[in-house]
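Worksheet: one structure, shown below.
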Amino acid sequence: MNNSVGNSTRLLWASLRALFVLTLVCGVVYPLAVTGVAQGLMPGRANGSEITAHGKVVGSALIGQRYDLPLRKGQETPAPDLRWFQPRPSNGLGVNSVNTQYALILSGATNRSGDDRELIEQVTAAKAAVVRDNSVPGRPVSPSEVPADAVTSSGSGLDPDISPAYARLQADRVAARNHLDAAQVRDLVDRHTDGRVLGFAGEPRVNVLRLNIALRDLVNDRGTR
């Protein structure tokens, strides 16, 4: 009996020591070490790839944002603010119906097949909207000019980037809406176009938030002259 109690006590004490050591190593030492290395080698990425403008954090380079007009009475979805470069569609975004106390962003793809009727209708309507919104006097947009990323959402629905082709397609409309020279805006797009990662991975891309920050600075600079 005494041996049994003694063995149980030793096992319990050994388990408690193991729990303490593993909690210390895995719950304190390891997270602190990883955090320290990340902050030392890549602080920007470790902190969420924040984008700042005039000393204020305005978003993340990894998460897309919408640029819409205020929602009007009777509207279900706001209209895009055509003064700004627009991101990819976000049809994959879900609605937070689980916890209505917080305005959570739920992302995901539509998972529709290429021959799905509703998807085809969405893409057709999106293409018509891109053609209509971006056609300006003397520079009509042809449906054949509309790139795929202008009418389809990404897998997450939160893609922060658009293709250079879609950014250039929007340049004339952005210039007209902001009373800027179109060549200036196209140059802005070129200067904010990132190439392939390591020169071969992925596709060239334009971060919409960074581009719109530069656009705002250009508009403000013109207004102060």
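None of the figures in this text is laboratory data; all of them are computed from the coordinates on show. None of these values were measured; they are calculated from a predicted model. All Cβ positions, even for glycine, are placed from backbone atoms using ideal geometry, and neighbour counts span all protein chains on display.
Observations on the structure shown:
- The range 152-225 - convex hull of the alpha-carbon atoms, volume per residue in Å³: 102
- For the range 113-127, the Karplus equation 6.51 cos²θ - 1.76 cosθ + 1.60, evaluated at θ = phi - 60°, returns couplings of 6, x, 9, 5, 4, 5, 5, 4, 5, 5, 5, 4, 5, 5, 5 Hz by residue, with Gly and Pro reported as x.
- Rounded FRET efficiency, nearest 0.05, which uses the C-beta distance separating residue 203 from residue 125 and R0 of 30 Å: 0.75
- The coefficient of translational diffusion for the range 67-223, derived via Stokes-Einstein from the alpha carbon Kirkwood radius under 25 °C and 0.890 mPa s, stands at 144 µm²/s.
- Calculated [θ] (222 nm, deg cm²/dmol) that DSSP helices of n ≥ 4 give over the chain, each run adding -39,500 (n - 2.57): -14000 deg cm²/dmol
- Cα centroid separation - the range 55-87 against the range 127-170, whole Å: 16
- Under-5 Å amide H pairs with residue 136, H placed in peptide plane, nonlocal only: 141
- Enclosed volume per residue, in Å³, of the convex hull spanned by Cα atoms of the range 1-47: 41
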